[in-house]
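Asker: Take a look at this one; I'll ask things after.
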Amino acid sequence: MQRAAPQSRQAVSRRARAAARALRQMLYGATGLEFERHAAHVRADLENLLIFMVMGDTLGVPILPPYYALRLVPYFVGSVEAWRRRVLRERHPLESEEFDLHGL
Amino acid sequence: MGNTLVAIIIGVLAIYLGYRFYARRIDRTVIQADKKRATPARLYMDGVDFMPTNRNVLFGYHFKSIAAAGPIVGAITAAALWGWVPSLIWLVLGVMFMGWVSDYSAIVVSVRNEGNSLSATAHRLIHPRTRRLLLLFIFFYLLLIAGAFGNIVAGTLTDPRVPLGIVALAVLGLAAGHMLYRMKMDLIPVTLIVVGGTLLAIFLNASATGPVATTFKNFNTWLNDLRPGGIVTVLNPLNPAGKQSVPITISFVFWLFFLFGFCYLGAILPIWRYAQPVNYIGFWITGLTVVFAGLGAFLAFFIKHDLSTFNIAGFTHFGGPASIRASGQIQPLWPMLFVTIACGAISGWHALIGSVGTARQIENEEDMLPVGGGAMFGEFTLGLLSLLAIAVAAKPGATPVASFAQGIGDFLNIFRVPLTYGTALGFAAFVVIVITVVQLVFRLMRVTLAEGLGDRSPIFKNIHVGTLVSMAATFLLVISGTWIYIWQLFGAANQLMAALSLLVVTVWLASTRRNPLYAGIPAVFMYVTTMAADLVILYNLYKIVLVKQWGVAGHEIAVIGSLVTIIIGLILFVAALFIGWDGYRAFQRYRERPVEPAPAPGGVTA
């Protein structure tokens with residue numbers, strides 16, 4: 001019996017800590033996550049423009065002089081696939097407001 | 001006679017039974033959520049749109065995205081019309097068998113279709129015109145929300161205990177955006193400053209005889225004295241016979257324009273500058289009020305038993321209270337209850353619009369139910385709390401909003417918060433949660449106008465023109481005076497969107513050879529109910545408002561407003577007919593298709 005009691009106390013304590021952690025995570029989701037997502041979106045918008053400028057030559061939209069664009073291309077090669085999917089993805093008209101969308 | 005403890009126990013049981021035995025069964029046997037199947041968040045992880053997120057964090061995010069003013073306004077209106085018993089029954093059964101289905105299934109369809117929205121899936125599965133019709137639907141739906149919520153907020157702002165908190169919300173919202181994004185301050189100190197400042201403003205304005213409230217009261221009186229008969233007279237069919245002609249006062253119009261000014265900033269400024277921080281502050285104000293009021297509602301039974309007892313009738317009449325029946329309008333329990341209480345039981349907005357962002361962050365398929373279904377069960381608790389608040393505090397002659405605020409004040413009084421401050425918080429929480437919705441509604445209306453009309457008339461792409469046109473249409477709706485019908489038409493549109501989203505889900509289930517009944521039956525029920533409700537509202541608008549005011553001097557604007565509302569109702573009805581017919585044909589098409597060989601196990605399939 002005495003051996004079981006510390007184990008059951010430990011189990012209760014573990015569950016309480018897990019519940020507290022879950023509550024903290026829910027609170028973060030309700031408060032901070034939208035700022036994190038918005039910041040990611042703002043950064044992504046700038047990155048989209050930058051990659052478009054760098055890769056513009058290959059798309060028939062020469063923006064940067066080819067010498068400078070070619071020097072930058074190796075840094076963006078890994079991001080091109082994700083960029084392409086992000087830019088060409090089909091969008092709902094209201095999607096630009098989505099991350100800050102409030103319920104009704 | 002009901003009480004808060006019994007209602008809370010019923011609510012908790014509904015959540016437990018609905019989630020544990022029904023929702024989980026569907027997740028396991030019909031959808032067959034597979035932890036090992038890659039979700040779009042993991043497949044396309046780009047750290048921007050597609051980002052696998054912990055389920056608890058996502059639950060908080062999705063719950064905050066969907067919980068808003070709908071369950072509050074709907075519950076307090078329905079309780080006043082038909083009593084608390086049918087309102088509670090619909091809230092409970094609605095969320096148990098339909099609400100969670102709609103939200104959860106929308107996320108499932110999106111996750112299993114590469115993160116595409118429900119409308120994009122409808123375009124592919126049902127008919128290409130479905131997406132265009134949904135866009136048309138959404139604009140008028142947003143117009144109805146703006147009209148319904150704008151009316152109720154402007155009316156509440158004429159209460160001199162309310163305005164300072166909202167002014168503070170606007171100013172501190174701007175400050176918060178600047179502090180976070182320009183000054184790069186940490187979120188916690190910014191939260192303490194702006195939320196603390198807003199609460200301080202609310203409490204400074206709390207006392208009806210205090211200097212701030214007296215100033216606002218004198219200001220309203222001065223405005224009304226400019227034109228004692230109001231600027232126009234409208235019909236309020238909810239008032240007893242002989243008192244239905246109601247003047248729209250200058251103070252009401254002033255606060256309506258104040259609301260428009262508040263929302264104009266939200267519609268045109270970059271979202272980080274104003275709308276997002278205002279929503280953030282509003283979340284804290286409303287969240288703290290709701291959480292403590294909910295605890296108070298539970299403890300009231302043990303600490304102050306008389307506070308926990310319901311003050312309103314359990315059931316008035318199938319046709320609504322006697323004054324309604326005597327006026328000649330019809331408000332039958334079916335179908336009108338099901339559109340008056342919209343968001344607390346089931347909501348189309350969540351499914352069609354609010355779920356996609358969440359679906360793209362689902363880390364594994366087993367998170368779909370706790371996040372999507374769980375958040376809807378969470379919103380049900382908001383509707384339940386609103387019902388409890390009005391049930392304990394309703395008084396003859398008091399408006400539903402005032403009764404709601406009083407009820408919140410009573411529940412907060414359990415924790416020794418003085419009634420004056422508790423009631424002020426109740427008012428503030430209500431206005432804040434509604435006003436944050438309205439500012440985003442105007443933003444979305446501007447975007448929808450630009451999307452729909454911008455190619456033909458480039459002027460609609462101008463953000464100021466789009467916003468002003470939306471506000472002009474809203475103004476017309478608001479001063480037409482028929483708030484209850486606008487609210488019910490909004491509810492009908494919302495529930496119709498729910499029916500349509502369930503229809504898309506049903507067609508998807510049929511296309512993937514899954515049992516469609518768990519979504520199909522709610523789809524049919526909501527479709528029939530909301531179409532019937534639409535017709536009832538059109539009848540009431542025509543017979544009670546339009547016919548009675550036609551040709552009456554001084555009621556011209558009200559006549560035009562009710563005509564506009566009737567036309568909107570007809571457009572929604574016709575659009576829904578098209579979508580329903582296309583959906584039915586698509587369902588039959590997929591049902592009769594021969595069974596294809598099953599794909600190899602372990603692949604990423606729909």
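Asker: What do you reckon, is B:VAL278 open to solvent by 10 Å² or more (accessible area, probe 1.4 Å) and within 14 Å of chain A (Cβ to nearest Cβ)?
Answerer: When the stated conditions are applied, B:VAL278 does not pass them.
Asker: Just checking, how many residues over the range B:347-373 are small (Gly, Ala, Ser) and more than 8 Å from chain A (Cβ to nearest Cβ)?
Answerer: Total satisfying the criteria: 6.
Asker: Return a yes/no flag: does the range B:30-44 have any residue that is closer than 30 Å to A:ALA19 by Cβ, open to solvent by less than 10 Å² (accessible area, probe 1.4 Å), away from every other protein chain (no Cβ under 13 Å) and touching a strand residue (DSSP E or B) at 6+ places or on another chain (Cβ under 8 Å).
Answerer: yes
Asker: If you don't mind, another one. For the range B:54-73, how many residues meet the condition of being open to solvent by less than 10 Å² (accessible area, probe 1.4 Å) and at the interface with chain A (Cβ under 7 Å from one of its Cβ atoms)?
Answerer: Counting residues in the range B:54-73 that are open to solvent by less than 10 Å² (accessible area, probe 1.4 Å) and at the interface with chain A (Cβ under 7 Å from one of its Cβ atoms) gives 5.
Asker: From the list B:LEU91, B:LEU5, pick out the single residue that is surrounded by 21 or more Cβ atoms within 10 Å (Cβ to Cβ), under 26 Å from B:PHE430 (Cβ atoms) and more than 14 Å from every other protein chain (Cβ to nearest Cβ).
Answerer: B:LEU91
Asker: How many residues, within the range B:1-53, are farther than 30 Å from B:SER308 by Cα and either in a helix (DSSP H, G or I) or in contact with a Phe, Trp or Tyr (Cβ under 7 Å, 6 or more places away or on another chain) (or both)?
Answerer: Residues in the range B:1-53 being farther than 30 Å from B:SER308 by Cα and either in a helix (DSSP H, G or I) or in contact with a Phe, Trp or Tyr (Cβ under 7 Å, 6 or more places away or on another chain) (or both): 17 in total.
Asker: Looking at B:PRO370, B:PRO396, B:PRO335, can you tell me which residue is surrounded by fewer than 24 Cβ atoms within 10 Å (Cβ to Cβ) and not in a helix (DSSP H, G or I)?
Answerer: Within the list B:PRO370, B:PRO396, B:PRO335, the selection yields B:PRO396.
Asker: Taking A:VAL77 as meeting all but one of (1) under 30 Å from B:ILE285 (Cβ atoms); (2) of a type in the set (A, V, I, L, M); (3) out of contact with any helix residue (DSSP H, G or I) (no Cβ under 9 Å at 6 or more places or on another chain), write down the number of the exception.
Answerer: (1)
Asker: Take the conditions within 14 Å of another protein chain (Cβ to nearest Cβ), of a type in the set (Lys, Arg) and open to solvent by 70 Å² or more (accessible area, probe 1.4 Å) and apply them to A:ARG71. Does it pass?
Answerer: Taking the combined requirement at face value, the residue does not satisfy it.
Asker: Any chance the range B:158-175 includes a residue that's touching a helix residue (DSSP H, G or I) at 6+ places or on another chain (Cβ under 7 Å), among the basic types (Lys, Arg) and in a loop (DSSP other than H, G, I, E, B)?
Answerer: Yes; the residues of the range B:158-175 include at least one that is touching a helix residue (DSSP H, G or I) at 6+ places or on another chain (Cβ under 7 Å), among the basic types (Lys, Arg) and in a loop (DSSP other than H, G, I, E, B).
Asker: Name the residues in the range B:1-25 that are of a type in the set (A, V, I, L, M) and either in contact with a Ser or Thr (Cβ under 8 Å, 6 or more places away or on another chain) or touching a residue at least 12 places away in the same chain (Cβ under 8 Å) (or both), would you?
Answerer: The answer is B:MET1, B:LEU5, B:ALA7, B:ILE8, B:ILE10, B:ALA14, B:ILE15, B:LEU17, B:ALA23.
Asker: If you check B:THR467, B:THR448, B:THR436, which single one turns out to be modelled with pLDDT of 90 or more, open to solvent by less than 10 Å² (accessible area, probe 1.4 Å), part of a helix (DSSP H, G or I) and not acidic (Asp, Glu)?
Answerer: Only one candidate qualifies: B:THR467.
Asker: What residue, among those in the range B:536-561 that are within 30 Å of B:THR130 (Cβ to Cβ) and of a type outside the set (Phe, Trp, Tyr), is modelled with the lowest pLDDT?
Answerer: B:LEU541
Asker: Could you check the range B:179-217 and list, in sequence order, the residues that are touching a residue at least 24 places away in the same chain (Cβ under 8 Å), of a type outside the set (Val, Ile, Thr) and closer than 14 Å to B:ILE281 by Cβ?
Answerer: B:LEU180, B:GLY197, B:LEU199, B:LEU200, B:ALA201
Asker: Return a yes/no flag: does the range B:418-432 have any residue that is within 28 Å of B:ALA201 (Cα to Cα), in contact with a Ser or Thr (Cβ under 8 Å, 6 or more places away or on another chain) and open to solvent by 40 Å² or more (accessible area, probe 1.4 Å).
Answerer: yes
Asker: While we're on this one: Here are some conditions: (1) in contact with a Ser or Thr (Cβ under 6 Å, 6 or more places away or on another chain); (2) open to solvent by 40 Å² or more (accessible area, probe 1.4 Å); (3) under 30 Å from B:ALA472 (Cβ atoms). B:SER207 meets all but one. Which one does it not meet?
Answerer: Checking B:SER207 against (1) in contact with a Ser or Thr (Cβ under 6 Å, 6 or more places away or on another chain); (2) open to solvent by 40 Å² or more (accessible area, probe 1.4 Å); (3) under 30 Å from B:ALA472 (Cβ atoms), the one that fails is (3).
Asker: While we're here: Only one of B:VAL504, B:VAL478 is surrounded by 24 or more Cβ atoms within 10 Å (Cβ to Cβ), within 19 Å of B:MET376 (Cβ to Cβ) and either over 21 Å from the mean Cα position of the chain (by Cα) or in contact (Cβ under 8 Å) with a residue 12 or more places away in the chain (or both). Can you tell me which?
Answerer: Within the list B:VAL504, B:VAL478, the selection yields B:VAL504.
Asker: State the number of residues belonging to the range B:539-554 that are open to solvent by 20 Å² or more (accessible area, probe 1.4 Å) and assigned to a helix (DSSP H, G or I).
Answerer: 5
Asker: Take the residues in the range B:189-203 that are within 29 Å of the chain's Cα centre (by Cα) and within 14 Å of chain A (Cβ to nearest Cβ), then tell me which one is surrounded by the most Cβ atoms within 10 Å (Cβ to Cβ).
Answerer: B:VAL194
Asker: Which number in (1) in contact with a Ser or Thr (Cβ under 8 Å, 6 or more places away or on another chain); (2) surrounded by 24 or more Cβ atoms within 10 Å (Cβ to Cβ) marks the one condition that B:ASN113 misses?
Answerer: Result: B:ASN113 passes all but (2).
Asker: Going through the range A:1-45 one residue at a time, which ones are within 14 Å of chain B (Cβ to nearest Cβ), of a type outside the set (A, V, I, L, M) and either open to solvent by 30 Å² or more (accessible area, probe 1.4 Å) or over 19 Å from B:ARG273 (Cβ atoms) (or both)?
Answerer: A:ARG17, A:ARG21, A:ARG24, A:GLN25, A:TYR28, A:GLY29, A:GLU36, A:HIS41, A:ARG43, A:ASP45 - these are the residues of the range A:1-45 that are within 14 Å of chain B (Cβ to nearest Cβ), of a type outside the set (A, V, I, L, M) and either open to solvent by 30 Å² or more (accessible area, probe 1.4 Å) or over 19 Å from B:ARG273 (Cβ atoms) (or both).
Asker: Ok, one more. Can you tell me how many residues within the range B:117-148 are within 25 Å of B:VAL371 (Cα to Cα) and without any contact (Cβ under 8 Å) to a residue 12 or more places away in the chain?
Answerer: Summing the residues that are within 25 Å of B:VAL371 (Cα to Cα) and without any contact (Cβ under 8 Å) to a residue 12 or more places away in the chain in the range B:117-148 gives 1.
Asker: Moving to a separate point now. Suppose we filter B:ALA206, B:ALA175 for residues that are among the small types (Gly, Ala, Ser) and over 19 Å from B:LEU425 (Cα atoms); which single one remains?
Answerer: Exactly one residue qualifies, and that residue is B:ALA175.
Asker: Mind checking whether some residue in the range A:46-67 is under 22 Å from the mean Cα position of the chain (by Cα), at the interface with chain B (Cβ under 9 Å from one of its Cβ atoms) and in a helix (DSSP H, G or I)?
Answerer: Taking every residue of the range A:46-67 in turn, at least one turns out to be under 22 Å from the mean Cα position of the chain (by Cα), at the interface with chain B (Cβ under 9 Å from one of its Cβ atoms) and in a helix (DSSP H, G or I).
Asker: Considering only residues that are at the interface with chain B (Cβ under 8 Å from one of its Cβ atoms) and buried (at least 17 other Cβ atoms within 10 Å of the Cβ), which ones fall in the range A:74-86?
Answerer: A:ALA82, A:ARG86
Asker: Among the helices (runs of 4 or more DSSP H) confined wholly to the range B:241-332, which include 2 or more residues that are among the β-branched types (Val, Ile, Thr)?
Answerer: Per the criteria, B:250-268, B:275-303.
Asker: Looking only at the range B:239-279, which residues are in contact with an Asp or Glu (Cβ under 9 Å, 6 or more places away or on another chain) and within 18 Å of B:GLY466 (Cβ to Cβ)?
Answerer: Scanning the range B:239-279 gives B:ILE271, B:ALA275.
The values are calculated or read from the model by the stated rules, or taken from the named source; none is laboratory data. All values reported here derive from a predicted model rather than from experimental measurement. We place every Cβ from the backbone using ideal geometry, glycine too, and count neighbours over all the protein chains shown. Just the protein is used for accessible areas: all its heavy atoms, side chains included, with ligands, DNA and RNA removed. Shrake-Rupley method; radii C 1.70, N 1.55, O 1.52, S 1.80 Å.
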